[in-house]
Structure formats: structure tokens, C-alpha cells
Amino acid sequence: MGYNVAIDGPAGAGKSTIAKLVAKEKGYIYVDTGAMYRALAVYFLEKGIDAGDTKQIIAAAREAEVSIRYEDGVQQVYLNGGNVTSKLRTEEAGNMASMTSPIPEVRERLLELQHSLAREMDVIMDGRDIGTNILPNADVKVYLTASVETRAKRRYKELTEKGLECDYEEIAKDIQERDMRDMSRETAPLKQAEDAVLVDSSNMTISEVVDTIVKLCR
Ligand code: DC
């Protein structure tokens, strides 16, 4: 078993930014499980399947083979043999992932991949149910959150810096809806594990959050 650090929290809390930096400092592999759900979402979108059509989603999930490779330490996500990493970070893929990830068969599809990575390597794995479900015996568990306002502001800044047009109110609404879906679903809902350390980054700098988590690690 590798050394396992689990980071869960809502969309936009900064999990991936923080996890990448902790990984670098501690020499862990960063495993982004949201990207796995997004890869399946890309497949559903490419096939033109409606998120509400559970039967078709389950059938398509069976056909979709998601795998992960690390190239220069950076996670690359493959879908049926093709690299889809550049297609994952769109709002469309995020929303499709959020709408289809409650389906148990979809979660089941990614379980072995997540377990095997944690077994074989020292990882910092981020997601929604890592500390509660996937790695219940993780060496360190963190629940990283921030207010809706903070998360929406960060997302707005990120998108405008990329030159993309966006609306703050829309982003905030999207975040609230995503939180609602991720937290209220029956299968593996987003919640803080009992033994997770709560880190609210609303009024913290990135390096303060990284330091806090690094101190929890061996
Ligand atoms: O972290 P993210 O925004 O890339 O995740 C996209 C969606 O995938 C998120 O809304 C919920 C789902 N997800 C999940 O259900 N379980 C995980 N461990 C990671 C992501």
C-alpha cells in the first residue's frame, strides 16, 4: 500500500491546485478523480446521450475504458485508448460529470482504477468521496472548502484571465447547483469524513493551505 492522502470538497474549493503543490513538495503522485468522471462525461457527450437517460448512460459507461498515465509527473487521462486530457475542463463536461456521477454503475466503473493507483503509489487523491468511500483508511484526510462567494470569484477570475466571457451570477448559481447535486445524492455523497481535517480556504492564501496540509503528512 502506498502512502495515501485524501482531499475531498466541493467544486472550486481549490483541491487540484493545492493537491498538485502538496504532491510536488512531498513527492506524491497527484490523482485527480474528477477527471475520470469528466472522461466518462466526454464519452456521453460525444455519443449525444442525455444525462437523464440512465439506461443509456450505464450502457455507454460499460463501453468506456478510462485509464491514467503519468507523463513528466502530469496525469494524462485516456478514454478507449485516446488522450482526452485537453477536453476535460469545460463547463459542459463538468456538468455532465456532476449529473452522471450519482449513478452507482458509473462510480463502480472507476473504483478499481482509483484503488489500484492508491495501492501502487504514494498518492494525494482528490474528489468527493475519497476519504469517506474510496480510501477509508487513508493516512491523511482533508476536507477542503470555501464559501460559495469565494469559489465563484476564483472561477470568474480564472475564466476571464483565459479571455473567456462569463457572468459572475451564473457561475455562483452553477456552483450552488453543483454543491446541491454532489451533496444530496444517495450514492457516495460529498461530505466530510469523521476523521477528516476541515480546511476552509476562504481567507487563506494558497501557500497557507499547502503548508497546513503538508504539516499533516508524515
Ligand atoms: O472535481 P471535478 O469538478 O473535476 O468533478 C466533476 C464531477 O465529478 C463532480 O461534480 C462530481 C463528480 N465526482 C464524483 O462524484 N466523485 C469524485 N471522487 C470526483 C468527482
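Throughout, read-outs are computed from the coordinates displayed, never taken from laboratory work. Keep in mind that what you see is a predicted model, and the values were worked out from it rather than measured. We place every Cβ from the backbone using ideal geometry, glycine too, and count neighbours over all the protein chains shown.
A few points about this structure:
- Pairs where the first residue, in region 200-218, is within 13 Å of THR145 (Cα to Cα) and the second is surrounded by fewer than 16 Cβ atoms within 10 Å (Cβ to Cβ), C-beta under 6 Å, 6+ apart: SER202/SER147
- Output for region 74-103, where each listed residue is farther than 13 Å from MET36 by Cα, touching a helix residue (DSSP H, G or I) at 6+ places or on another chain (Cβ under 8 Å) and more than 11 Å from the ligand (Cβ to nearest atom): GLU92
- Scanning region 21-38 for residues that are over 12 Å from SER98 (Cα atoms) and within 13 Å of the ligand (Cβ to nearest atom) gives TYR30, VAL31, ASP32, THR33.
- Checking each residue in region 155-168 for being farther than 30 Å from ASN4 by Cα and in a helix (DSSP H, G or I) picks out TYR156, LYS157, LEU159, THR160, GLU161, TYR168.
Residue-wise test of (1) out of contact with any strand residue (DSSP E or B) (no Cβ under 6 Å at 6 or more places or on another chain); (2) assigned to a loop (DSSP other than H, G, I, E, B); (3) crowded, with 21+ Cβ neighbours inside 10 Å.
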{"site": "THR17", "(1), (2), (3)": "yes, no, no"}
{"site": "LYS20", "(1), (2), (3)": "no, no, no"}
{"site": "TYR37", "(1), (2), (3)": "yes, no, yes"}
{"site": "VAL42", "(1), (2), (3)": "yes, no, yes"}
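- Residue match in region 126-137 (condition: away from the ligand (no atom under 13 Å from the Cβ) and either among the hydrophobic types (A, V, I, L, M, F, W, C) or over 19 Å from GLY9 (Cα atoms) (or both)): no
- Lone unmet requirement of (1) away from the ligand (no atom under 12 Å from the Cβ); (2) within 17 Å of the chain's Cα centre (by Cα); (3) at positive phi; (4) not hydrophobic (A, V, I, L, M, F, W, C) for ASN4: (3)
- Members of region 131-145 that are within 21 Å of MET204 (Cβ to Cβ) and touching a helix residue (DSSP H, G or I) at 6+ places or on another chain (Cβ under 8 Å): VAL140, LYS141, VAL142, TYR143, LEU144
- Verdict on ASP179 being of a type outside the set (A, V, I, L, M) and surrounded by 15 or more Cβ atoms within 10 Å (Cβ to Cβ): yes
- Residue within region 207-215 that is buried (at least 17 other Cβ atoms within 10 Å of the Cβ), in contact with a Gly (Cβ under 7 Å, 6 or more places away or on another chain) and of a type in the set (Ser, Thr, Tyr) present: no
- Residue selected from region 104-124 under the condition touching a helix residue (DSSP H, G or I) at 6+ places or on another chain (Cβ under 6 Å) and near the ligand (Cβ under 10 Å from one of its atoms), by the criterion farthest from ARG178 (Cα to Cα): GLN114
- Some residue of region 64-75 being surrounded by 15 or more Cβ atoms within 10 Å (Cβ to Cβ), more than 16 Å from the chain's Cα centre (by Cα) and farther than 26 Å from ASP174 by Cα: yes
- Of all residues making up region 155-183, the number that are basic (Lys, Arg) and more than 13 Å from the ligand (Cβ to nearest atom): 3
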